[in-house]
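> First the structure, which I've put down as structure tokens, then a few questions once you've had a look.
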Amino acid sequence: MAKAPDSAHDLLSTSTVAPSPFLKWAGGKARLMAQFQPWMPEDFNHYFEPFVGGGAVYFTMRPPEATLTDVNPRLIECYTAIRDEPIALMDELAKHRSRHCKDHYYRCRTRMNAPRGLNAVSRAALMIYLNKTCFNGLYRENSRGEFNVPMGSYKSPNIFNPDHIFAVSAQLQSTNLRVASFEHVLESAEPGDFVYFDPPYVPLTETSSFTNYSKGGFDMSMQHKLARIFDELSRRGCYVMLSNSDTPAVRELFEGWRIIGIQASRAINSRASARGPVGEVLVRSW
Ligand SMILES: C[S@@+](CC[C@H](N)C(=O)[O-])C[C@H]1O[C@@H](n2cnc3c(N)ncnc32)[C@H](O)[C@@H]1O
């Protein structure tokens, strides 16, 4: 078992690696950061990321003060467990690592979908273990909100690295975490704050839609609502930035704002042929 650090400060000093996303998540922005960097505000107060997902932008920026939200309670539970109970979480992850096999994977999948009696750390450990061992690292739920991804075929999946968990925990110490829909950012964002939105994207075509990150989906009326919130935050004096697919609907929705083209390649797609470059946009309010 790893030695317990006494404080957030100890966590920072014991970490030898940089914090970075600890889950594989559809839409992850890690490979786009070099293209994003020139468009970020130079100076801002609080950082908000209302669709945090894997948090690639947050972990690259490492803001001293932040609020991360997402509608997926399992996801936020993972962030919270790493922030508040990294050692207990790693003890659980180590057990999963030692038991990893097909039977264990499917037992854990059933358990995560019926987690009665499990504490928050055990639920987070299940989520992280399944994410690291599932097919393509794809988080997907069926219409009943059950995680339903089959096991992947990794020979020795890298389930966790203690230095990395400590680095993430240290970064999260001054970060608020909350399960909430994106519009709640209006309750807290103030002039001079930076809000980055990375919503489920408007589909490029009717069939390429990947909007079922969680039950409920994210339809065009939600995209319109998001555009109104973008506008309101900007009028309030926040720096607002948003990613989306480069489609006529998105360009129309944000007409009048600064729209920057980005070349992305989608990592999570079961068909290799569909992983080529895809146009995305960054919309900026300033
Ligand atoms: C594109 S992903 C975010 C990717 C992330 N920024 C990254 O780099 O990995 C979209 C996220 O939005 C979340 N989401 C979907 N509907 C939402 C809503 N109404 N409010 C907040 N989050 C939502 C999903 O759970 C998912 O994690």
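The values are calculated or read from the model by the stated rules, or taken from the named source; none is laboratory data. Not measured: the values here are computed from a predicted model. Note that each Cβ is placed from the backbone with ideal geometry, even for glycine, and that neighbours are counted across all protein chains shown. Side chains included, ligands, DNA and RNA excluded: accessible areas come from the protein's heavy atoms. Shrake-Rupley method; radii C 1.70, N 1.55, O 1.52, S 1.80 Å.
> On a 1.4 Å probe surface of the protein chains, which of Asp246, Asp84 comes out largest in accessible area, and what is the full order? Mind dumping the intermediate values first?
Details: Asp246 55, Asp84 85 Å².
Ranked list, largest accessible area first: Asp84, Asp246.
> Now a separate question. Can you give me the angle between helix 220-236 and the longest principal axis of the chain, using Cα atoms only, in degrees from 0 to 90, rounded to the nearest 10?
70 degrees
> Can you pull the percent of the chain's accessible area that's carbon plus sulfur, 1.4 Å probe, other chains left in place? Don't jump to the answer; show the numbers that get you there.
Numbers: 6890 of 13760 Å².
Answer for the chain: carbon and sulfur cover 50 percent of the accessible area.
> Quick one: helix 102-113 against the long Cα principal axis of the chain, what's the angle to the nearest 10°, folded into 0 to 90?
60 degrees
> For region 68-203, what is the convex hull volume of the alpha-carbon atoms per residue, in Å³? Walk me through the intermediate numbers first.
Working: hull volume 19.3 nm³, N = 136.
Residue-normalised Cα hull volume stands at 142 Å³.
> Evaluate E = 1/(1 + (r/R0)^6) for Ser265 and Ser221, where r is the Cβ-Cβ distance and R0 equals 41 Å; express this FRET efficiency to the nearest 0.05. Working shown, then result.
Values: r = 29 Å, r/R0 = 0.71.
The computed FRET efficiency comes out at 0.90.
> Still on this structure, I have one more. Multiply the residue gap between Asn148 and Glu252 by 0.36 nm, knock off their C-alpha separation, and tell me the result in nm, one decimal place. It would help to have the intermediate numbers written out before the result.
On the way: separation 104, 0.36 × 104 = 37.44 nm, distance 3.56 nm.
Length gained, Asn148 through Glu252: 33.9 nm.
> Rolling a 1.4 Å sphere over the protein heavy atoms, what is the accessible area per residue of the chain, to the nearest Å²? Please list the in-between numbers first.
Values: 13760 Å² over 286 residues.
Ligands and nucleic acids excluded, the figure is 48 Å² per residue.
> Okay, next question. Rounded to whole Å and sorted largest first, list the principal axis extents of the Cα atoms in the chain.
Largest first, the chain extends 55, 44, 33 Å along its Cα principal axes.
> Rounded to the nearest Å, what's the spacing between the alpha carbon centres of region 25-91 and region 144-162? Just the number, please.
Cα centroid to Cα centroid, the span is 20 Å.
> Still on this model: Round to the nearest 10 and give me the degree value, 0 to 90, for the angle of helix 162-172's Cα axis relative to the longest principal axis of the chain.
Tilt of helix 162-172: around 40 degrees.
> Something else now. Report the antiparallel proportion of the DSSP beta bridges in the chain as a percent, rounded to a multiple of 5.
Values: 15 of 29 bridges.
For the chain, the DSSP antiparallel bridge percentage is about 50.
> Report the calculated FRET efficiency for Arg31 and Asn119 (r = Cβ-Cβ distance, R0 = 41 Å), to the nearest 0.05.
Numbers: r = 35 Å, r/R0 = 0.86.
E(calc), rounded to 0.05, equals 0.70.
> Can you give the calculated 222 nm mean residue ellipticity of the chain, where each DSSP H run of n ≥ 4 adds -39,500 (n - 2.57) and the sum is split over every residue, rounded to the nearest 500 deg cm²/dmol? Don't skip to the answer; put the middle values down first.
Details: 10 runs with 103 residues, N = 286.
Roughly -10500 deg cm²/dmol at 222 nm, from the helical runs in the chain.
> Can you give me the solvent accessible area of Lys95 with a 1.4 Å probe, rounded to the nearest 10 Å²?
For Lys95, solvent-accessible area is about 90 Å².
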